[in-house]
1. I need the fraction of alpha carbon pairs in segment 65-119 separated by more than 18 Å, rounded to a whole percent.
2. Place the peptides 232-238, 291-297 in order of packing, highest mean first, counting for every residue the other Cβ atoms within 10 Å and averaging per peptide.
3. Restricting to bridges with both residues inside the chain, how much of the DSSP beta-bridge set is antiparallel, in percent to the nearest 5?
4. If I histogram all Cα-Cα distances within segment 55-97 using bins 5 Å wide from 0, what percent of pairs lands in each bin?
5. From the alpha carbon gyration tensor of segment 162-306, can you work out the equivalent ellipsoid semi-axes (sqrt of 5 times each eigenvalue) and give them in Å, largest to smallest?
6. Using alpha carbons only, how many angstrom separate the centre of segment 238-296 from the centre of segment 57-103?
7. First select every other residue whose beta carbon is under 12 angstrom from the beta carbon of Asp75; then total the charges, Lys and Arg +1, Asp and Glu -1.
8. Of the peptides 177-188, 156-167, how do they stack up when ordered by the mean number of other Cβ atoms within 10 Å, highest first?
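Each value in this text was obtained by applying a stated rule to the coordinates, not by laboratory testing. Given the structure is predicted, the values throughout are model-derived calculations rather than measurements. Please note: Cβ atoms are built from the backbone with ideal geometry, for glycine as well, and neighbour counts cover all protein chains shown.
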Amino acid sequence: MSAPESRFVKACRALPVDRTPVWFMRQAGRYMPEYRAVRKQYSLIEICKRPAVAAEVTITAAEALGVDAAIIFADLLLPLEVMGLPFHFSPGEGPVIEKPVRDQADVSRLRTDRAGDLGYVSEAVRMVCKHFGPRLPVIGFCGAPFTLASYMSEGGSSRNYVNTKKMMYSSPAAWDELLGKLVTVVSQYAAEQVRAGADVIQVFDSWVGCLSVDDYRRYVVPRATELVKALQKAGAPIIYFGTDSATLLSSRKETGAEVIGLDWRIPLDQGWKAVGVGAVQGNLDPVLLFAGWKEIEKNAREILRRADGRPGHVFNLGHGILPETPVENVRALARFVQEY
Ligand code: CP3
């Protein structure tokens, strides 16, 4: 841990703070001219694999926005490569996994012994922690078993998750082995980020909202809980993020994560009530950042009003910043939350 006394880490632990901390998912990304300049020189994966460049991108975004935490620049899918599944980003299509995982034989082939090859990410974490010291906390992150498994079996982004659910329903043993292998690799990978100085780990379960409550509890919660527990043992509080999952909130809390990420589809106080105890993060609609300042301010104020100064609110969007978002709106939003 590099900034255990920061207001962000305290808020994650639902302790009282002087003001609401704020940061943004995808705060380093294509909407930012400094990032686009680096992308002229390097591909996304090249940035991830060069710790000095990844650290620079992380630091530049956090400093340009004046936010209360820096999230390490990496990608959710990096662990797929060390498990034996190469992928690339295709323009307009997003990530493409070359040989998707569809059956027991594909699951059996996946490797779990090379998490160490992802050391470039923890090296970048180390550099960012060294730069900020106790001044600014650093967030490490990883994918949750379900969301990573969905990319592995769909071969990329998906609308209906047919291949994923097909394996889940018709080969439950293969499904559970897949999630178990993901927990083995990802828990080592994220624990290494904690050892390198990350203060908090955000676990992205972006697409769990496609599941019913029963399926989520039966096929996903046990392995997600295993991951959360392993990372807590490494010493970091966990933010468990998901979208479109208002019906899953109380089950998501069963994983034991300190902070539950809320998207904009549910009012913050209602979402918080459904979660029960602990902290929440969210939840402005990222598309609001394309509106005029008056509209943004009104909605941000409403979120803060609903949080009502209770300990344990981290301000964020309900999902990542979109390309083309006006940077000045993001900066103004951070300032507004900090001055509220
Ligand atoms: O938040 C941050 O600033 C840290 C960086 C970060 C990236 N990806 C860099 C990135 C984080 C936290 C991620 C997580 C990630 N990656 C998720 C989970 C987050 C979520 O949206 O719920 C997922 C699903 C991925 C996989 C992925 N990577 C997708 C679907 C895409 C979009 C593909 C496309 O063509 O736009 C990416 C690309 C990606 N990862 C970008 C960034 C900044 C886009 C910019 C670029 O191509 O340079």
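1. 48
2. 232-238, 291-297
3. 15
4. P(r) over segment 55-97, rounded to whole percents: 5, 19, 19, 14, 16, 16, 10, 2.
5. Listed largest to smallest, the semi-axes of segment 162-306 are 29, 20, 14 Å.
6. Here the answer is 22 Å between Cα centres.
7. 0
8. Values: 177-188: 21.4, 156-167: 15.4.
Packing proxy ranking, top to bottom: 177-188, 156-167.
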